[in-house]
Amino acid sequence: MSSLRSIVAGAALAAAIMPAAAQDWPTRPVTMVVTFPAGSGSDVLARILSPRLSEILGQPVIVENVGGGGGMTGAYRVARAAPDGYQFVLGGTDTFAQSQTLHKNPPFNAKTDFAPVALIVEQPFLLVSRNDLPVGNLPEFIAYTKAHQANMQYGSAGPASGSNLTCTYLNSAIGVTVTPVPYRGAPEGLQDLIAGRIDYYCPVIAAAIGHIGNRTMKAIAILSRNRSPTLPSLASAHEQGLIDFEASYWNAFFLPKGTPAPIVQKLHDAAVATINSPSVQARLKVFGVTVVAPERRSPDYLQQFVATEIEKWIGPVNASGVSLD
């Protein structure tokens, strides 16, 4: 009987400690896992957000790049992490939507293996080419690629990445077959594009805007439906005749499944306060990144949004012909 009382007392004590620990969170540094390498679009975003997020939470938010597997390696690590709030992932379109169709057996279920925190930003993909590719707009790019596809190469951050799926989606839409060259991340691929070793790439705007400004590569089209305020003179693919073509990238915060609700709420509130900060918004604007509307920032919205995005990308992913074991 005394043993039973001890068990009951221990369970009650644990139940009392957990809410208290959740309410006190964070009491030590927090890790934001970025699923692509330093210099990638996701990394740029994380390093804009982390200083203000650290100020609001009262503890350092450390950005850790865990690349590999087209973003799956880092996301999987967070899915398996202790649900104590000290690791969260900066997820995106590729890791939480496209991956669920791209992989025959995904290492995690994006809808059930995480605690959604907040959808935070969106940004368009771009089509960029090496400077000496003899094209100046999308119709010229399409004509040239159709004529020379057997000898062309495009770069990406690996077969599971958003950049690869966007380029394969584009290739399918214009009716070409071009050899892909996988890289660890956008920085390496874009450097090879600058060097002329590959012909084109489909990065997010944040990864390419500096190179475009320096004129080390050529911007052919914005791949979102509308133009970007950051590159207002660059016409969208839709405007240039590829009707209804659209490819944009979103980012959101996710904690491991089972993270206590008070921690989820505290990180959500800190994320919202961070993206509402005028200094953060000013820096995001420079990189062509748009903060999502307030009504789209709740955990419940993100839960439903991920499910919708998975369904949205089934068609394009299957059309790309890319499938991974």
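In segment 20-45, the residues that are at negative phi and among the charged types (D, E, K, R) reach residues that are buried (at least 24 other Cβ atoms within 10 Å of the Cβ) and not in a strand (DSSP E or B) with C-beta atoms within less than 8 angstrom, at least six apart or across chains, in these pairs: D43/F36. Restricting attention to segment 271-289, which residues are closer than 29 Å to D244 by Cα and buried (at least 20 other Cβ atoms within 10 Å of the Cβ)? Listed by number, the residues that qualify are L284, F287, G288, V289. Only residues that are among the small types (G, A, S), closer than 18 Å to P116 by Cα and open to solvent by less than 40 Å² (accessible area, probe 1.4 Å) were counted across segment 290-322, and they come to 2. Within segment 208-229, if we keep just the residues that are without any contact (Cβ under 8 Å) to a residue 40 or more places away in the chain and more than 11 Å from P124 (Cβ to Cβ), the residue that is most open to solvent (accessible area, probe 1.4 Å) turns out to be N214. Taking segment 159-175 as the range and being polar (S, T, N, Q), surrounded by fewer than 24 Cβ atoms within 10 Å (Cβ to Cβ) and under 12 Å from Q98 (Cα atoms) as the test, no residue passes. If the condition is being within 22 Å of S54 (Cα to Cα) and either hydroxyl-bearing (S, T, Y) or open to solvent by 50 Å² or more (accessible area, probe 1.4 Å) (or both), then segment 235-270 contributes T259, A261, Q265, K266, D269.
Conditions tested, residue by residue: (1) touching a residue at least 12 places away in the same chain (Cβ under 8 Å); (2) outside any strand (DSSP E or B).
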residue	(1), (2)
F96	yes, yes
Q100	yes, yes
N105	yes, yes
K111	yes, yes
I120	yes, no
F125	yes, no
V135	yes, yes
Y144	no, yes
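Strands (runs of 3 or more DSSP E) wholly in segment 23-94 with at least 3 residues that are at pLDDT 95 or above, more than 22 Å from S279 (Cβ to Cβ) and of a type outside the set (D, E, K, R) - which ones? It comes to 87-92.
The selection criterion, being over 25 Å from Y301 (Cβ atoms) and buried (at least 24 other Cβ atoms within 10 Å of the Cβ), holds for L126.
Evaluating R197 against the criteria (1) charged (D, E, K, R); (2) at pLDDT 95 or above; (3) closer than 26 Å to G71 by Cβ; (4) part of a helix (DSSP H, G or I) leaves one unmet condition, (4).
Check S40, S54 and return the single one that is of a type outside the set (K, R), open to solvent by 20 Å² or more (accessible area, probe 1.4 Å) and more than 24 Å from Y301 (Cα to Cα). Even if it seems obvious, please write down each step before you answer.
Values: S40 fails: open to solvent by 20 Å² or more (accessible area, probe 1.4 Å).
Going through S40, S54 in turn, the sole match is S54.
Under the condition of being more than 24 Å from A208 (Cβ to Cβ) and touching a residue at least 40 places away in the same chain (Cβ under 8 Å), the residues counted in segment 275-297 number 3.
Taking P232 as the residue in question, decide whether it is surrounded by fewer than 19 Cβ atoms within 10 Å (Cβ to Cβ) and more than 25 Å from F36 (Cα to Cα). Answer is yes for this residue.
The values are calculated or read from the model by the stated rules, or taken from the named source; none is laboratory data. What you see is a predicted model, and the numbers here were worked out from it, not measured in a lab. All Cβ positions, even for glycine, are placed from backbone atoms using ideal geometry, and neighbour counts span all protein chains on display. Accessible surface areas use protein heavy atoms only, side chains included; no ligands, DNA or RNA. Shrake-Rupley method; radii C 1.70, N 1.55, O 1.52, S 1.80 Å.
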